[in-house]
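As C-alpha cells, the structure follows; a few thoughts come after it.
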Amino acid sequence: MSVTILKGTVISAPALGRLDATENGYLIAEDGVIAGVFSALPERYAGAPVEDFGDALILQSFADLHLHAPQYPMLGMGMDLPLLDWLNAYAFPTEARFADPDYAREIYRKLARELAENGTTRVCMFSSLHTDATLILMEELERAGVTGYVGKVNMDRNAAPGILEEDTEESRRETLRWLESCQDFRYVKPILTPRFTPACSDELMDFLGKLGAERNLPVQSHLSENRAEMDWVRQLHPDCGQYWETYAKYGLWNGRTVMAHCVWCDERERQAIRDAGVTVVHCADSNQNLCSGTAPVRVMLNEGIKVALGSDIAGGDHLSMFDVVAASIRASKARRIQDDWQTDFLTVPEGWYLGTSAGAAYFGEAPGFAPGNPLHALVLDDSALPQPHPLTPSERLERCVYRRQKDAVRAVWSAGRKIFSAE
Ligand code: GUN
Ligand code: FE
C-alpha cells in the first residue's frame, strides 16, 4: 500500500457555508484514497514519509464544470458582443482552427498544463466538433493528470458555413468514431455534447438522446443563457413551452445532465431542473462579459438545486478557479442589488464550496476531504502576502480567493497522483 501524508493548514468545505480547518494537520491518503484529516499523526502511519508544507494551506483542488477548450486561444479577447454575435464573430472562427491536429496538440498541451498548475483537477469540458482534435485534447488532459469529462461538440445547423460545420450524418458518424476511439482513457471520459438547441437538428438531438440512454453517457449543454437565444429556441421548438423541454423531449435531461448558465430560468424551469437532478453550472465571468445577465444562484441553492461553477473560457476570462470563485461571490452581490436586497449573496465559504465540493459531487465524491474520496488537493503558499497580524485559516483562505498570487500553488494531487510540483 502507498501512503501519502501532507502536513499543513488543512481547510475543506464539508457543507455549503461551512469550512473545517486543522492547523498543523495531516491529510492522509492510502493508495490515492483519502483516509482522513488528523490533528496528530496516527500511530499506524509512524515512520511513513511526511510531505511537510509548514504553514501553507492544504485545500481541495477545483472542479471546473464548464469550459470550452478550443476557445483557449482567444482567452481575454473579443468580449464586446452579445452571445449569438459573439459566437459567429469570435468563437466559431477560433474553434475552426482545431481542424489542424498539430495546432490542437500545441494548444491543448498548454491548456492541460495550465489547468493542472492552477489546481483544476476535474473538468466537464467542451471540445470542438473535430473528432481528432477531441481525442488529442483527451490525451493531453490524461497526460497532465486532469480528470473528468470531455465532449466532441455536435452542431449540425446554424454553425459557420465553410469553416465550422458538420451535417447530421457526419455528426452521427463522427460521434460514434470518437466513442470507439476513446475507450482506453483512464481518467478522461466522454460526455455527449449537443452545443445548444439552436445548433442541433431534431434528428441529431433524437440520435444523441438514444445514444446516451443506450450507452449510459452523461450530457452537457447550455440553457437559458441569453434572451435572444431563448427567443430563438422558442421559434425553433414551438411545441416546447420552455427551453429545458427541448432537451427533455429527446431524453437529454436527467441526473447526469450538466447545464451551463441558467441565467434566465424562471420558477417552472428551475423546478424541472430540481426534479430531474440536473446540475447547473454558474459561469459568472462569462455572463457578465457577454452581457447575458446575472444568474439567481442564491435562489437556486435555496430551492435545493445542484449548482457548481465553471470558468466558461473564453466567454469567461479567467481560467484559475480562485478567480472564478471570487467572480461568483461578486455576481451574487450584483444579483442582490438587482433583487432589491431581497436575496442574500454568497459568502466566501459558500463560494468555496461551489468551486470545490459542489463540482466534485458531480463525479460522485462526498463533500470536503471525506474519507473514501480520491485525493484531489492543492498546496497554496500565501507567505508572499503581507502578514501584519495573525490571521485565522478562514481569513487566509478568503484573502487567497480575492488576491491572485503568482506561483502560490506549490503542488497539486489529482485522483491520488501528484501532478504538479513547483519545486
Ligand atoms: N452557447 C452555445 N455555444 C456557446 C459557447 O461557446 N459559449 C457560451 N458562453 N455559450 C454558448
Ligand atoms: Fe459555454
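The values are calculated or read from the model by the stated rules, or taken from the named source; none is laboratory data. Please read these numbers as outputs of a predicted model, since none were measured by experiment. Reconstructed Cβ throughout: ideal geometry from the backbone, glycine too, with neighbour counts over all protein chains shown.
Determine whether segment 387-395 contains at least one residue that is at pLDDT 95 or above, surrounded by fewer than 24 Cβ atoms within 10 Å (Cβ to Cβ) and aliphatic (A, V, I, L, M). Within segment 387-395, one or more residues are at pLDDT 95 or above, surrounded by fewer than 24 Cβ atoms within 10 Å (Cβ to Cβ) and aliphatic (A, V, I, L, M).
Condition test on residue 186, is it closer than 30 Å to residue 376 by Cα, more than 16 Å from ligand 1 (Cβ to nearest atom) and either surrounded by fewer than 21 Cβ atoms within 10 Å (Cβ to Cβ) or of a type in the set (Lys, Arg) (or both)? Full working, then the answer.
Working: closer than 30 Å to residue 376 by Cα: yes; more than 16 Å from ligand 1 (Cβ to nearest atom): yes; either surrounded by fewer than 21 Cβ atoms within 10 Å (Cβ to Cβ) or of a type in the set (Lys, Arg) (or both): yes.
Yes; evaluated as a whole, the condition is true for this residue.
Here 58, 107 are screened, and the one residue that is over 22 Å from residue 176 (Cα atoms), in a strand (DSSP E or B) and either of a type outside the set (D, E, K, R) or over 16 Å from the mean Cα position of the chain (by Cα) (or both) is 58.
Does segment 182-225 hold any residues that are β-branched (Val, Ile, Thr), within 16 Å of ligand 2 (Cβ to nearest atom) and in contact with a helix residue (DSSP H, G or I) (Cβ under 9 Å, 6 or more places away or on another chain), and which are they?
As a first pass, look at segment 182-225 and keep what is β-branched (Val, Ile, Thr): 188, 191, 193, 197, 219.
Next, only the ones that are within 16 Å of ligand 2 (Cβ to nearest atom) stay: 191, 193, 197, 219.
If the condition is that a residue be β-branched (Val, Ile, Thr), within 16 Å of ligand 2 (Cβ to nearest atom) and in contact with a helix residue (DSSP H, G or I) (Cβ under 9 Å, 6 or more places away or on another chain), then 193, 197, 219 are the ones that fit.
With respect to the numbered conditions (1) assigned to a helix (DSSP H, G or I); (2) touching a Pro at 6+ places or on another chain (Cβ under 9 Å); (3) away from ligand 2 (no atom under 16 Å from the Cβ), which one is the sole condition not fulfilled by residue 94? Only one criterion in (1) assigned to a helix (DSSP H, G or I); (2) touching a Pro at 6+ places or on another chain (Cβ under 9 Å); (3) away from ligand 2 (no atom under 16 Å from the Cβ) is unmet by residue 94, namely (3).
Is it fair to say residue 410 is closer than 21 Å to residue 280 by Cα and among the basic types (Lys, Arg)? So residue 410 fails the test.
State yes or no: is residue 335 of a type in the set (D, E, K, R), within 22 Å of residue 394 (Cβ to Cβ), surrounded by fewer than 24 Cβ atoms within 10 Å (Cβ to Cβ) and touching a residue at least 40 places away in the same chain (Cβ under 8 Å)? Against the criterion (of a type in the set (D, E, K, R), within 22 Å of residue 394 (Cβ to Cβ), surrounded by fewer than 24 Cβ atoms within 10 Å (Cβ to Cβ) and touching a residue at least 40 places away in the same chain (Cβ under 8 Å)), residue 335 does not qualify.
Of the residues examined, residue 240 is one that is surrounded by fewer than 20 Cβ atoms within 10 Å (Cβ to Cβ) and either of a type in the set (Val, Ile, Thr) or more than 22 Å from residue 179 (Cβ to Cβ) (or both).
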